[in-house]
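Colleague: Here you go, one structure.
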Amino acid sequence: MGRWNQGWIGLLCWASCRWSIWACASSAEIEESKLEIIQPSQPDKQEYTYHPVEYRKWQSGNFQSWSTQDSRETRTIDGMNWYQPTVQHAQTFWGGRTNLHPTSIIGKKGFFRVATCEGRSFLLDPDEGAFLIHGIQHVRPGTSSAQQQALQRKFGSVVRWSEETGTLLSVNHFNYISYGSKRVEAFPPEPRIPLLNPSSRKMAYAENLHLLSSFMWDMSKNLGYAFEDNKYNRLVLLFEPTFTSYIDELTREKVRFYVKADDAYYEGKKYTNTEGGGWLVRTQQHRGEFYQNFCLRLLESRRCVGWVHFEYNDAVDTNKGVVSLDYEPYVSYLEQVSQLNQQVHSLVDYYDKRKNK
């Protein structure tokens, strides 16, 4: 895969030095229908009905008071008054759109590449479809004793876990996964196919041992990247000569993607939710509203080729996952995630048409 163009957001949280992309489209191409976006010339309502979501921050060892100061303009799809979903476009086996005409292509044909289509940044799949990532990170059985015991109770084996997890991610329209490891590591043989090829869908998977040298060769072109907060990524930043020239800009542009819910429990005990970043909101429904708000704004920017949710399952005592420590899906959260993931291309059409009016 080629280098990112300057200024691209490219908000992809790489879990380790390799990546994988699998398809969300069926093996048969979806029949293309006429595109139509209904947008009144003189709408009776404002474009958005905002929904303020209460949150609280963890600062200096304590949770601050509940507030809506920075969340009064939370966007959701249901609150988009001018938007009407469009029918599906024709797609490649990978889920990429075939009705766009890519330009400024960087990369080798037959692989995932980067391109611009009508002024918007995309990945280009191996069959020339315009592709946006909406993925999830660290898809693997949990390593704590509580997670391992829960896996045995619910699934009985890693193979059964991988089959049900592959289906869960597919029906919620995730199209990218990473295994997640502290060292370079491939998906183990047993869960590999059910996870990377759910329902025999076409997929791409590559092990890239030179990811940092390929993607991070010029930090001035990567100011929009979000990194997992660990010592190795910090070292990359500290030893990059241009670090001091962009750190202030990076700080100003800091975003908070994932949030944790106050209603997450394990064995009848509420999580403390003090580990890791992100805000605390009251419910899983509110987590979903934050997810939609963040992704809608990325799509509106036209300069983001995708995002990756951190992460698949909860950490011990921290609500980060789409499933709990007991591997139970957070249904009300996933409903919001699925609604947006399924409509990514329809939302792209809406924002592009609005921009061009």
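Colleague: Quick test of your reading of the structure: residue 90 fulfils all but one of (1) at pLDDT below 90; (2) closer than 29 Å to residue 258 by Cβ. Name the failing condition by number.
Modeller: (2)
Colleague: Which one is surrounded by the most Cβ atoms within 10 Å (Cβ to Cβ), of the residues in region 128-156 that are touching a residue at least 12 places away in the same chain (Cβ under 8 Å) and polar (S, T, N, Q)?
Modeller: So, considering only residues that are touching a residue at least 12 places away in the same chain (Cβ under 8 Å) and polar (S, T, N, Q), the one surrounded by the most Cβ atoms within 10 Å (Cβ to Cβ) is 137.
Colleague: Just checking, which of 249, 267, 289, 253 is of a type in the set (Asp, Glu) and at pLDDT 90 or above?
Modeller: Unique residue meeting the criteria: 289.
The rows are residues; the columns are (1) over 16 Å from residue 263 (Cα atoms); (2) among the hydroxyl-bearing types (Ser, Thr, Tyr).
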{"site": "283", "(1), (2)": "no, yes"}
{"site": "288", "(1), (2)": "no, no"}
{"site": "298", "(1), (2)": "yes, no"}
{"site": "307", "(1), (2)": "yes, no"}
{"site": "322", "(1), (2)": "no, no"}
{"site": "329", "(1), (2)": "no, no"}
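Colleague: With respect to residue 288, determine if the residue is assigned to a loop (DSSP other than H, G, I, E, B) and not β-branched (Val, Ile, Thr).
Modeller: In short, no.
Colleague: Please go through region 255-279 and give me each residue that is in contact (Cβ under 8 Å) with a residue 40 or more places away in the chain, outside any loop (DSSP other than H, G, I, E, B), surrounded by fewer than 23 Cβ atoms within 10 Å (Cβ to Cβ) and not aromatic (Phe, Trp, Tyr), ordered by number.
Modeller: Selection gives 261 alone.
Colleague: In region 129-162, what residues are in a helix (DSSP H, G or I) and closer than 18 Å to residue 321 by Cα?
Modeller: Matches in region 129-162: 145, 146, 147, 148, 149, 150, 151, 154, 161, 162.
Colleague: Here is a further query. Output the qualifying pairs, or none if there are none: Cβ atoms under 8 angstrom, residues six or more apart or on different chains, first residue in region 79-99 and on the phi > 0 side of the Ramachandran plot and among the charged types (D, E, K, R), second residue exposed (fewer than 15 other Cβ atoms within 10 Å of the Cβ) and outside any loop (DSSP other than H, G, I, E, B).
Modeller: Listed by first residue and then by second, the contacts come to nothing, as the list is empty.
Colleague: Oh, and also: Hey, any hits in region 173-180 for a residue that's among the hydroxyl-bearing types (Ser, Thr, Tyr), under 22 Å from the mean Cα position of the chain (by Cα), within 30 Å of residue 343 (Cα to Cα) and in a strand (DSSP E or B)?
Modeller: Yes: one or more hits.
Colleague: Among the residues of region 280-287, are any among the β-branched types (Val, Ile, Thr) and surrounded by fewer than 21 Cβ atoms within 10 Å (Cβ to Cβ)?
Modeller: Within region 280-287, one or more residues are among the β-branched types (Val, Ile, Thr) and surrounded by fewer than 21 Cβ atoms within 10 Å (Cβ to Cβ).
Colleague: Residues of region 310-319 being within 27 Å of residue 72 (Cβ to Cβ) and surrounded by fewer than 23 Cβ atoms within 10 Å (Cβ to Cβ), which ones?
Modeller: Once the filter is applied, which keeps residues that are within 27 Å of residue 72 (Cβ to Cβ) and surrounded by fewer than 23 Cβ atoms within 10 Å (Cβ to Cβ), region 310-319 yields 310, 318.
Colleague: Within region 121-172, track down each residue that is under 16 Å from the mean Cα position of the chain (by Cα) and among the aliphatic types (A, V, I, L, M).
Modeller: 123, 132, 133, 136, 139, 168, 169, 171
Colleague: Okay, next question. Are any of the residues in region 34-48 surrounded by 14 or more Cβ atoms within 10 Å (Cβ to Cβ), assigned to a strand (DSSP E or B) and either at pLDDT 50 or above or touching a strand residue (DSSP E or B) at 6+ places or on another chain (Cβ under 6 Å) (or both)?
Modeller: Yes, that holds for at least one residue.
Colleague: May I pose another question? Exactly one of (1) in contact with a Gly (Cβ under 9 Å, 6 or more places away or on another chain); (2) in a helix (DSSP H, G or I); (3) acidic (Asp, Glu) is unmet by residue 300. Its number?
Modeller: Unmet for residue 300, out of (1) in contact with a Gly (Cβ under 9 Å, 6 or more places away or on another chain); (2) in a helix (DSSP H, G or I); (3) acidic (Asp, Glu): (1).
The values are calculated or read from the model by the stated rules, or taken from the named source; none is laboratory data. The model shown is predicted, which means the values in this text are computed figures rather than measured ones. Cβ: placed from backbone, ideal geometry, glycine included. Neighbour counts: every protein chain shown.
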